[in-house]
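Worksheet: one structure, shown below.
The values are calculated or read from the model by the stated rules, or taken from the named source; none is laboratory data. Model, not experiment: these values are computed from the prediction. Ideal geometry is used to build each Cβ from the backbone, glycine not excepted, and the neighbour counts take in all protein chains shown.
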């Protein structure tokens, strides 16, 4: 399109750290040419709490309450990785039932995270209505979490070797209720958002990243899958019991904000279906059933076997991280959440390196916003889905 | 000429599409007029905290053996256990115990690892004070029982999702005394026995 040459003087604009669409305390120094973004430099560290250093003088039991403060919207994943790292290093077995409970919790947490992402993403673009609908459903997930773990967000539920407690009475029934209730609600969001012409104009073709670039930048999660890479650690690493479920990796090829939106919305559906499968396949079924079987079968019954426990052995407060080092990762809603752990046969880990997905995904932001309009920064940043708690740690 | 007509046609089609999709979206919005709000009118209505809710910690002085496990599992070694070693009885004697709830994050590690169960978590969650030093609870304050939502005549108690009957999604739809979802293990046992009686063995 022919435009009149109106090259204005460059303007340096400071966005954040207290801008409402900065998702916490991210600061962007944006260089503008009129309304066009010439460059952008993210400034991090406003929420830095030295989580890695804190880990170096905490036992695993002591450190577990901290980790939900990394990514405070997908709290179960941070707990999962915190117990997986020492678990794998020390070869602690996880009972199958515990693994299923973990999967249910993880997938519910993924739905909760994507829900909040959806709310803030469209709110950044200017649609406030879905934000409230999304919170209504998220609240139900948190009610489920509260009943099982005792806290809505700071669960402290995962343990080395299993989970802290079995599911309470009636939990499985209500979780199933929620899943059945939730699936039509996703359709409702889609009716409200997906084809809305204003939304489409704001996100289609915005913040495009190609397949090769996405891989080269080290992106993960929906950022990577939105660019046409079928990379899901649940498939790749086969951790927990994800192999026993019937599910598809959700992906898109366009690589723009809309593609990432589609990936996440479909992942919500897929996760809900996975929760439903887990509820049906869980060894022992609901806890009340398991308890009845145990009463009927007596102390020697198979229902008291290792498969049906929620934890293999209660971790001792002086659980020692064995000597050795390794990298463990899970597929968090934002991408690959990993921990590089070095143990030296002491109760404290020698090094606890966190690989947060948001931090790595945020790197690509300057490239994505370059050449775009200033209003697109919100759409692009929203679609990257960062949580400053895990970016700065 | 045809280009102009095509432009007009495209524009009209876009406008009609936009109107259709916005109408579709508004239908969702207007559909909410026939739904009940899920908002809990807080001081008048209160949610009943779940059974496992981790609120203010309750402490029983007489059960405590001053082993200090709670201190060791606490992320910040918060509980203050003040004891002397009684040489005649050859036992630790607890003098005082305190937890500062201005610093506590209610992770529940102390409760989980307490060997004598002298610690427990209550359903009390509103601990606001005018002075933060008031939050430093000593063993007397820790021994007080929590305030219960269901005992307050001014408050309408509301059940959380997990404690509602099967199929009910809102706490406003049923009274808080409605039985929760899921069977009791006794009932499952009875059903199992009834089934085994009906089915001839062998």
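Residues that are on the phi > 0 side of the Ramachandran plot and in contact with a strand residue (DSSP E or B) (Cβ under 8 Å, 6 or more places away or on another chain) within segment A:126-166 comprise A:150, A:161, A:162, listed in sequence order.
For beta carbons closer than 6 Å, sequence separation of 6+ or different chains, a first residue in segment B:153-172 that is at the interface with another protein chain (Cβ under 7 Å from one of its Cβ atoms) and crowded, with 16+ Cβ neighbours inside 10 Å and a second that is part of a strand (DSSP E or B) and modelled with pLDDT of 85 or more, the qualifying pairs are B:160/B:47. Evaluation of residue A:158 against the conditions (1) more than 9 Å from every other protein chain (Cβ to nearest Cβ); (2) crowded, with 21+ Cβ neighbours inside 10 Å; (3) without any contact (Cβ under 8 Å) to a residue 40 or more places away in the chain shows that the sole unmet condition is (3). If the condition is being closer than 26 Å to residue A:233 by Cβ and either assigned to a helix (DSSP H, G or I) or within 14 Å of another protein chain (Cβ to nearest Cβ) (or both), then segment A:283-335 contributes A:307, A:310, A:311, A:315, A:319. Among all positions in segment A:373-385, there is at least one residue which is modelled with pLDDT under 90, surrounded by 21 or more Cβ atoms within 10 Å (Cβ to Cβ), under 13 Å from the mean Cα position of the chain (by Cα) and within 20 Å of residue A:71 (Cα to Cα). The residue that is farthest from the chain's Cα centre (by Cα), counting only those in segment A:190-205 that are at the interface with another protein chain (Cβ under 7 Å from one of its Cβ atoms) and touching a residue at least 12 places away in the same chain (Cβ under 8 Å), is A:196. Restricting attention to segment A:239-248, the residues being assigned to a loop (DSSP other than H, G, I, E, B) and over 13 Å from residue A:273 (Cβ atoms) number 3. If the condition is being farther than 18 Å from residue A:310 by Cα, free of Cβ contacts under 8 Å to residues at least 24 places away in the same chain and within 14 Å of chain B (Cβ to nearest Cβ), then segment A:94-151 contributes A:128, A:131, A:132, A:135, A:136, A:139, A:143, A:151.
Taken together, A:187, A:173 contain a single residue that is within 11 Å of chain B (Cβ to nearest Cβ), outside any loop (DSSP other than H, G, I, E, B), in contact (Cβ under 8 Å) with a residue 60 or more places away in the chain and over 25 Å from residue A:65 (Cα atoms), which is A:173.
Based on what the data block shows, is residue B:49 facing another protein chain (nearest Cβ under 10 Å), farther than 29 Å from residue B:176 by Cα, touching a residue at least 12 places away in the same chain (Cβ under 8 Å) and surrounded by 17 or more Cβ atoms within 10 Å (Cβ to Cβ)? It is false that residue B:49 is facing another protein chain (nearest Cβ under 10 Å), farther than 29 Å from residue B:176 by Cα, touching a residue at least 12 places away in the same chain (Cβ under 8 Å) and surrounded by 17 or more Cβ atoms within 10 Å (Cβ to Cβ).
Does residue B:25 count as within 14 Å of chain A (Cβ to nearest Cβ) and over 30 Å from residue B:146 (Cβ atoms)? So residue B:25 passes the test. Considering segment B:67-89, the residues that are farther than 30 Å from residue A:148 by Cα and surrounded by fewer than 16 Cβ atoms within 10 Å (Cβ to Cβ) include one that is farthest from the other protein chains (Cβ to nearest Cβ), namely B:88.
Might you let me know whether segment A:124-140 holds any residue that is over 25 Å from residue A:200 (Cβ atoms), modelled with pLDDT of 90 or more, out of contact with any helix residue (DSSP H, G or I) (no Cβ under 9 Å at 6 or more places or on another chain) and surrounded by 24 or more Cβ atoms within 10 Å (Cβ to Cβ)? No; the residues of segment A:124-140 include none that is over 25 Å from residue A:200 (Cβ atoms), modelled with pLDDT of 90 or more, out of contact with any helix residue (DSSP H, G or I) (no Cβ under 9 Å at 6 or more places or on another chain) and surrounded by 24 or more Cβ atoms within 10 Å (Cβ to Cβ). Checked against (1) at the interface with chain A (Cβ under 9 Å from one of its Cβ atoms); (2) closer than 30 Å to residue B:162 by Cα, residue B:58 passes all but condition (1). Across segment A:40-69, which residue is farthest from the chain's Cα centre (by Cα) among those that are farther than 30 Å from residue A:14 by Cβ and either outside any helix (DSSP H, G or I) or more than 9 Å from every other protein chain (Cβ to nearest Cβ) (or both)? Top of the filtered list is A:57.
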